[in-house]
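Engineer: My questions will all concern the structure given below.
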Amino acid sequence: MSMLSTSRRLPALAFKHRVEEGGSKPVIVDFYADWCGPCRMLSPLLEKLTTDVKLTGGKEIDLMTVNTDDQNALAMEWKVAALPTIIVFKDGKAVKRFVGFMPMPQLQKFVEDV
């Protein structure tokens, strides 16, 4: 996968560089696991949301995925206790989060003020 891709499976150092030290462009981080049913339903919606600016009111938002089975320490650092957990980062800070599945209309509202 290219370094320019908006959706990445990140090791912890890349996560720190892109998300915690990142710029002003919001980044949705999807903490998931392959065995998680709600994760499998939510991930395609997040991909669509972050690739179609018509769904975000013209805002560009990146999406990064973190497999909690592979990145357990990262999940623990961000206090991920249930899946899926979605955290939005902006200017290197976590600004919003939710746990569980959310349909597209609610996802759009969730990112309105990010």
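Derivation of every value follows stated rules applied to the coordinates shown; laboratory data play no part. What you see is a predicted model, and the numbers here were worked out from it, not measured in a lab. Positions of Cβ are generated from backbone atoms using ideal geometry, with glycine treated the same way; all protein chains shown enter the neighbour counts.
Engineer: 5 Å is the cut-off here: which amide hydrogens, built 1.01 Å from N in the peptide plane, fall below it relative to Val66, excluding neighbours closer than 5 in sequence?
Structural biologist: Asp30, Phe31, Tyr32
Engineer: Moving to a separate point now. Please give the charge dipole size of the chain, origin at the Cα centre, charges +1 on K and R Cβ atoms and -1 on D and E Cβ atoms. Round to the nearest 20 debye.
Structural biologist: Magnitude of the dipole: close to 180 debye.
Engineer: On a straight-distance basis, which aspartates and glutamates could pair with Lys90 in a cross-link, Cα separation under 17 angstrom, same-chain partners fewer than 8 positions away excluded?
Structural biologist: In chain and number order, the partners are Glu20, Glu21, Asp30, Glu60, Asp62, Glu112, Asp113.
Engineer: Expressed as a rounded percentage, what relative contact order does the chain have, with Cα pairs under 8 Å and six or more residues apart?
Structural biologist: 37 percent
Engineer: What stretch of the chain, leaving out the sites themselves, is the longest with no GluC sites (Glu not before Pro) in a DSSP loop having at most 15 other Cβ atoms within 10 Å?
Structural biologist: Between the exposed loop sites, the longest stretch runs 61-111.
Engineer: Here's a follow-up. Cα convex hull of the chain: mean projected area in nm², to one decimal? All intermediate terms of the calculation are to be shown ahead of the outcome.
Structural biologist: Values: hull surface 25.7 nm².
For the Cα atoms of the chain, the hull's average projected area reads 6.4 nm².
Engineer: Here is a follow-up. Among the listed pairs Lys59/Lys93; Lys48/Lys79; Lys59/Lys79, which are separated by more than 24 Å between their Cα atoms?
Structural biologist: Lys48/Lys79; Lys59/Lys79
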